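Notes follow the structure.
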Amino acid sequence: MVRGENGPGVLYGAEDVIPVEIAASWRARTRGLLGRDGIEGALLLTPASSVHTFRMRFAIDVAYLSRDFTVLAVRTMRPGRLGLPRLRARHVLEAEAGAMARWGLRPGLRLDLRRGAGPVR
């Protein structure tokens with residue numbers, strides 16, 4: 001579905017529309033949010049089942065998503081932490097701490113990804 005193609009997208013299904021940056025290549029997933037001071041919207045790492053926050057500059061919210069984009073778990077991670085892998089996770093969504101609560105993301109919610117839509121306000 002999103003294999004190997006980086007770029008913009010939008011997630012629907014939460015209380016708000018979520019603009020996302022898709023990191024599907026190995027290089028984009030490896031870089032993630034490192035070196036950034038924040039992010040507008042979220043970063044979707046695919047495929048991924050875990051993340052770390054070593055060398056991060058800010059706390060992040062992490063949502064683990066199944067293959068069909070159902071939210072499995074939502075966690076907040078401070079810098080310098082290692083997240084445990086989620087066995088059923090196929091994608092990981094990262095955003096600034098507190099963003100996922102504002103968007104209404106919770107376990108069991110199913111999201112819909114639309115590619116190439118760019119940031120939506």
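The residues of the range 66-79 that are open to solvent by less than 10 Å² (accessible area, probe 1.4 Å), under 18 Å from Arg102 (Cα atoms) and not β-branched (Val, Ile, Thr) amount to a single one, Ala73. The set of residues from the range 80-93 being open to solvent by less than 60 Å² (accessible area, probe 1.4 Å) and touching a Ser or Thr at 6+ places or on another chain (Cβ under 9 Å) comprises Gly80, Gly83, Ala89, His91, Val92. One residue stands out in the range 45-73 among those that are β-branched (Val, Ile, Thr) and over 11 Å from the mean Cα position of the chain (by Cα): the one that is nearest to Asp112 (Cα to Cα), namely Thr70. Taking (1) on the phi < 0 side of the Ramachandran plot; (2) surrounded by 14 or more Cβ atoms within 10 Å (Cβ to Cβ) in turn, Phe54 satisfies each apart from (2). In the range 15-41, how many residues are surrounded by 13 or more Cβ atoms within 10 Å (Cβ to Cβ) and touching a helix residue (DSSP H, G or I) at 6+ places or on another chain (Cβ under 7 Å)? Selection size over the range 15-41: 3.
Condition first: in a loop (DSSP other than H, G, I, E, B), over 21 Å from Pro47 (Cβ atoms) and either open to solvent by less than 20 Å² (accessible area, probe 1.4 Å) or modelled with pLDDT under 95 (or both). Now tell me which residues in the range 94-110 satisfy that. Gly104, the sole residue that qualifies.
Could we say that Leu113 is touching a residue at least 40 places away in the same chain (Cβ under 8 Å) and not in a loop (DSSP other than H, G, I, E, B) here? Against the criterion (touching a residue at least 40 places away in the same chain (Cβ under 8 Å) and not in a loop (DSSP other than H, G, I, E, B)), Leu113 qualifies. For the range 20-44, what are the residues that are within 13 Å of the chain's Cα centre (by Cα) and within 19 Å of Gly80 (Cα to Cα)? Those that are within 13 Å of the chain's Cα centre (by Cα) and within 19 Å of Gly80 (Cα to Cα): Arg29, Gly32, Leu33, Ile39, Leu43.
The values are calculated or read from the model by the stated rules, or taken from the named source; none is laboratory data. This is a predicted model, so every value here is computed, not measured. Note: ideal-geometry Cβ built from the backbone for every residue, glycine included; neighbour counts use all protein chains shown. Ligands, DNA and RNA are excluded from the accessible area calculation, which covers all protein heavy atoms including side chains. Shrake-Rupley method; radii C 1.70, N 1.55, O 1.52, S 1.80 Å.
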